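What follows draws every value from the coordinates through simple rules; no lab data is involved. Just so we're clear, the structure is a prediction, and the values are computed from it rather than from any experiment. All Cβ positions, even for glycine, are placed from backbone atoms using ideal geometry, and neighbour counts span all protein chains on display.
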Amino acid sequence: MTFEHFSKLLVPTIENINVLLYLTIFVRKWRFSKKTVFFVCTAVILLLTPYNIICGLKFGTDRQAVYMFTPLCHLVLILLILFLGKMERGRLIFSVSSAYMLIYLCSTLSRPFEVGSYYFQAFIRLIFFTAFVYVNYRYHRPRLLKAMNWIENGWYALSMIPLSLLAFMMYTGLPKNPPVTYYALTFEGFLIYAILFWVFSLVEKQHQMEREHSLLQTQVSAIRQHCDQLEDINQNMRIIRHDLRHYCQLMENALNAGENAAAASVLEQIKDKISHTQIDAGNSCCTSVGGNTQTSSSVNSLLSYYQHLAGKYEISLKITLAMPQEPSFDMVEFCVLISNGVENAIHACMKIENPENRKIVISGEMKREQFFFEIKNTYEEKIKFENHRPVTTEEGHGYGIQSICAFACKYNALLDFQDDGTWFRLRLLI
């Protein structure tokens, strides 16, 4: 067997690897670890290699005949990704069908350059496949993953777009059809996906506006609560100013009579009344928020709101937070993270019968060049973990953890969840 003949037998295996790369490019979650996924994919490629070699030996250089047997390999790879991918089926089907449609688009664009020797044709196809993988990973993948985070339903319907385009491409790609039809459909595919990604960007902007609106509502509630506290303080100060002359008269009478203990008692009563004019008096909360003015105001307003909410449910909330001067993350998204974390902590504390055991601690500080943030709370019910992430079966819950994980993924932050039987901890290093 010559080297040329031997290399021709490996071309189908290389194309299978390319197909596998495309099928995995839009998958964001896996059922197993990355090492396991890599091992399984490598094993499947190796198992398909003898099949490709047998087809190559039987049909030689007749590529049309060889390609009649390649759909079996592609079907195996598609089923493999559907099994390994851990996503809602609608999202996964859309990802796989989109990736496979891009394979056909890549093949179409490379056809005009596939002239000359067999080696040159294989080299051209490899260049186009490599370029397409880079372009899709660099530009298409981030937008699609963002859309999967914002859009919850409708992925089965969206999957009909790449599936229908794929069916038309396979039909028009037959030898009896003119190449012009195939290229026209390819252009249409690019156009439809451009419109689709534009719609995704609009949905993302709408979702961002909804989050900012929700955060503004929280800040407005915090400001109203703060104004109510200031009004109460003002009312107490009016009473103290009214009664102060009477207290002074009592102290003067006690001092003239030599009753120092009685005068000291009156002074203690005055101090006690003044102490009740402090905001959030009696709350075991120590707040220290650094950072620039915009950073401190938004975070302070949010924490003030949850401080009041925690007090409503008899939960002890302690805060020691020093924000960075120039945060490397979006403050709106970080405030949403705080909201999700604190609401989960309050929800867990409310299930504790004894109010004395309801505790939440929020802390954060710069450690060298990284910002360390932690929310910890007491709990009683057992916490279930999947892939080192807490999960719940309660309806309407669980989206907060997904949002926190999405924030950590976006900014390449280290996210950790721990429980020791008494305290549950959410830790973020960014």
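Calculate the spin-label point distance for ILE14 paired with TYR139, positioning each point 7 Å from the Cα along the beta-carbon direction, and give it in nanometres.
About 2.6 nm, to one decimal.
Hey, what's the Cα Rg ratio for the stretch 283-430 versus the globular rule of thumb, 2.2 N^0.38 Å? Spell out each step's value before the answer.
Details: Rg = 14.7 Å, N = 148, 2.2 N^0.38 = 14.7 Å.
Its radius of gyration relative to the 2.2 N^0.38 Å reference: 1.00.
Take TRP30, TRP155, TRP423 and order them by how many other Cβ atoms sit within 10 Å, fewest up front. Numbers along the way, then the final one.
Numbers: TRP30 16, TRP155 19, TRP423 13.
Placing the least packed residue first, the sequence is TRP423, TRP30, TRP155.
If you take every residue apart from ASP416 with its C-beta less than 9 Å away from the C-beta of ASP416, what net charge results, scoring Lys and Arg +1 and Asp and Glu -1? Could you put the intermediate results ahead of the total?
Working: positive: ARG425, ARG427; negative: none.
Once all neighbours under 9 Å are counted, the net charge is +2.
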